[in-house]
Every structure is written in structure tokens, then in C-alpha cells.
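What follows draws every value from the coordinates through simple rules; no lab data is involved. Just so you know, these numbers come straight off a predicted model, no measurement behind them. We place every Cβ from the backbone using ideal geometry, glycine too, and count neighbours over all the protein chains shown.
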């Protein structure tokens, strides 16, 4: 049986950052990805926020708290924004080529939600460049990376990590892996709203008994192209693109935050994005122009692009502190050896909204902190590997469960049944046009009924080698669990805050200034909102 000091799930920016920091500290480190290696995702699509031209991080802190509708953990906000310039410096020294200003410094631009210019990017190659640089650092420090390894089961003993089981899709085997620390840094669950992939790592920990936090906060992206799954980067607006209604009137974006911009797009009559007049900045977005023309047939050099708001980012996830440690029930209790970062984590940084550029900053800052803490000398050296008995027992049970899924079934074909369940999920979500107690309870009941159907799915492939049917089933089951948790949290939050809107509770309330947690049994709880250093607010909550 394999044994590693630290195992990282996710070949994401957060995962690579965590893995390289862990390996640099001397820990044997294994990184697993449920997909092929090198998929950089969209976490860095809108660049990184850092106040390079500011005397301190006060403005960045306050803009973050306001954008989060005062539901951010303000000590975490202070810690992460203080690291912003360091993270930009790290990326630049390792090889990322940012936009430059006349002084030769990374160029900061004004973005929605920011009162000062502090957004930095590399055009539409930001995600790719950051990923390549972080890959190089992981290789430099000897991180072992394996693709097509699907995390299936987490073994905890009294909330202490003993190891996990992963499906090696290339060889068709279930691999038990012992570890002293596990860092979950794969995807969030935004794919559940569109039939796309969700984070298996977050779902695995959820099934193992770790509650999730802030699952009700699901954010839309206002620049999604209608009829496609393409989300345009905010950087186009930084470089001169404008928003209009199709009849011509411009949609003002000045002084709007992310939530207000989404509201403006949703209420506009056939909104479009006009990127025909970017001038010399157009060179930074050549790949985006080519992608849009290839996928939609629209030439952005000559035509405007119809846009809409669509779910693109989920704030909810595994509750962590500023070191990436998963907390359980209260801030004073951690799941020993369990960490999370990136989209799989809920760090409390974003609150109930998103400040442009903070998504990548959160991934890098919490990822690096988790990697360092997981590999810290005294803690790691003082902890030995647990007995392999529970891992072996779990492996035998998992193999039996998968074999049962592969038994012959004379009913409808697997593809048809999968399609029916996906259609049922989409219909239930589409029917929930506004959130109130009645609609949310109905959605929850429907998801529970769909979950029973999904648990009985059979596989038409009897080999575990590259079994795409199994992957689809696992993804659908995980999606339903995440959506059910999201609905349960939404029922408890009887207010409107940020992009979370309840028609029966249209106002925000100080009575709900706390985080809502939910476990796999559907039980909800509270996690206190943290103030800044010394127990004082960085920015006192205000009624909206």
C-alpha cells in the first residue's frame, strides 16, 4: 500500500500551489487529478487583485467586505489581502508575463466593485500562464502527479485523516493510499447547475461526515454568451469593451459591484457586449476572439455579442481557516490532517459576493498556506501513519458496491436513464424561478426523489478501465448531493444578501450574520462570523 506524507487532490492553481509548498518543505507529496493533467480551468480568468499602487491593504480589505455583503470573515480578509502583492511578485518572478504600465510594473486596472485600480492579468492567457508556472514549481520540488485518478472514499477516524481510495482509470484498479495530510483543491459545484463536472474531493469529504459551509451562495457571471457555455473575462471591460442593450443604450458599469452588474444585465433588454474598439489591447484577447468565432460564429471584430447571467462560481465548500485547515462545528475544532483550498473550500474570504480578482488570490493564498501547514516539521514528524486495516476494509466494501452497480439490468439502457435524471434535475431547477420557503421545499423534495433514482443506476461497462459511464454516474450523484445541501442552506437563510435573493425575505438582517453549515444527513448548523484582529470589525456591517 502506498503511503505519502501529503496527498493533494486537484491539478488546479490551488492544488499546484499547495503541492509545491508541501514538497518544498520536505514532505513526500502526491497530486491526484480526476481529469487529465494540465487542465487549468477558469479560476484565473479574471486575473488577480492586488493594490500595487496603494500604501496598504486597507482599501482592498474594505472593498472585499462590501462586495461580500458583510458576510466575510474579516480576519481572513485581512490576512489574504495582505498577501496579495506577495502572490503577484511570486508569479512574476516565476515567469508569468502580466500587462505592464509605463513604469514597467504590472498594470493595475479598475474593475467593478473596486474603488481603486488593482486588477492584474495577462489577457486571455492568464489561466494558462499561471498554470504552467505552478506546474514548473511542482516539478522542481519533486511532486508526483497522476491524472485520471478519481477520489472515491475518504477514511477518517474520529475526524483524523488516515487515507483515501482512488480509482486509477488508466489501469482499472481501486488504489488505497495512506497519508498524514490530505489537501482537497479540486472544483466547486457550479457544474451541478449545467450538467458539468463537480468537485469529487469536496463530495468525498461531505460523505465522510465533514459539513459544508455557505452552500446557499451561488454566483452568476454576467458576461456569458447566450447559447454557449462560454464565459467572457472581465478583462475585456478593463480594456475598453462596453455593455449595451441591443437597441443601443449603454449599460453603465461605473460604481457597480459584481452583484449590481448581474442585476443590471438581468434587467436589461437583450444585453450585448461590444468589443469592437479595443485598439492595441485587442492583441491580449486574440484567443477569446477566435474561440467565440469558432463556437458561435460571431466575429467580435465586427459584431456585438449577446450575453446573459449564468451560474459560474459557488462560494460554498469545505469550511477552512486562514491556514486551509478544515474546521468542524466550531473554529476551535479541526479535522486532523484535512485541508482544502480553491473552489472546493469556503475560506470566508468572499462572504456572499465576489470581488473581481479575489478568486485567484484566494486560491493561491490559501493553497500556499495549506501546503506549508500540512508539511510543517513538528506536526508532520510527530504523526505516524495509521493502521491500514480501515483502508483495506473500505476498499473491499467499495469494490463490492461498484460490482453491484455493474450487475446485469434488463430495464432501460444506462444512457437513457442518465438522460432522464439529468432532465429531471434541469426541470426542477428551472421551475424554481424565485426562492421562497415553498419553492425551496419543493425543490428539496424533488432532489431527494431524484437522488433515490440516481442511487439505483447500473453501469453498462463492466471494466473499470476508462469507464466513462461510472464517471457520469458518480458526477450526477455528487451533483444531486451538492444541490440538496445548497437548497437546505437556502431554506435556513431567511434573508436576502449579496446575490442570494429570497422573495419572501427581501431584506438583509443582522440576525443572519453567521455562516450556515450543512452535513450529509441534511442537518444544518451555525459557524460564527469572525471579526478582525483584536475582535474589532474592519468594516462594521450595514443594512442593505
* Descending principal axes extents, region 391-527, alpha-carbon based, whole Å -> 54, 36, 21
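State the antiparallel share, in %, of DSSP beta bridges confined to the chain, rounding to the nearest 5.
Antiparallel bridges: around 65 percent, rounded to the nearest 5.
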* Structure fact -> FRET efficiency (residue 3, residue 295; Cβ distance; R0 41 Å; to 0.05) is 0.35
* Can you give me the Cα centroid spacing of region 113-157 and region 343-406 in angstrom? -> 15 Å
* Figure the gain on full extension for residue 53 and residue 526 (residue separation times 0.36 nm, minus the Cα-Cα span) and round it to one decimal in nm. => 166.4 nm
* Asked: What's the exposure ranking of 257, 11, 389, going from fewest to most Cβ atoms within 10 Å?
  -> 389, 257, 11
* Kirkwood Rh in Å, taken over region 219-312 so that all alpha-carbon pairs contribute -> 13.3 Å
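Could you please rank 292, 7, placing first whichever residue has the fewest other Cβ atoms within 10 Å of its Cβ? Intermediate results must be reported in sequence, preceding the final value.
Values: 292 22, 7 30.
With the fewest neighbours first, 292, 7 line up as 292, 7.
Assuming 0.36 nm per residue, please report the length gained on full extension of the stretch residue 441 to residue 423 beyond their Cα-Cα distance. Present the calculation step by step, with values, prior to reporting the outcome.
Values: separation 18, 0.36 × 18 = 6.48 nm, distance 1.95 nm.
Length gained between residue 441 and residue 423: 4.5 nm.
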* State the antiparallel share, in %, of DSSP beta bridges confined to region 387-544, rounding to the nearest 5. => 90 percent
* Just how far, in whole angstrom, is region 427-444 from region 244-306 if you go by their alpha carbon centroids? -> 31 Å
* To do: Can you put 90, 339 in order of Cβ neighbours within 10 angstrom, beginning with the fewest?
  => 90, 339
* Asked: How far apart, in nm, are two points set 7 Å out from the Cα along the Cα-to-Cβ line at residue 434 and at residue 226?
  -> 2.3 nm
* Net length gained if the chain between residue 144 and residue 384 were fully extended (0.36 nm per residue, minus Cα distance) -> 84.3 nm
* Note down the relative contact order for region 158-265 as a percent, whole number, built from C-alpha pairs under 8 angstrom at least six residues apart. => 12 percent
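Pairs of alpha-carbon atoms within less than 8 angstrom and 6+ residues apart define the contacts here; what relative contact order does region 391-527 have, in percent?
Numbers: 125 pairs, mean separation 31.6, N = 137.
Relative contact order of region 391-527: 23 percent.
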* Asked: How would you rank 51-60, 246-255, highest first, on the average number of other Cβ atoms within 10 Å across their residues?
  -> 51-60, 246-255
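Just the C-alpha atoms of the chain: what Rg/Rh do they give, with Rh taken as the Kirkwood radius? Walk me through the numbers on the way to the answer.
Working: Rg = 22.6 Å, Rh = 23.8 Å.
With Rg and the Kirkwood Rh in hand, the quotient comes to 0.95.
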* To do: Just grab the label-to-label distance for residue 286 and residue 246, each label 7 Å out from Cα along the Cβ direction, in nm (one decimal).
  => 3.3 nm
* **Relative contact order (%) - criterion: Cα under 8 Å, at least six apart; region: the chain** => 22 percent
* **Residues in region 75-108 reached by a label modelled at residue 136 [backbone nitrogen below 20 Å; 7 Å Cα→Cβ]** => 86-100, 105-107
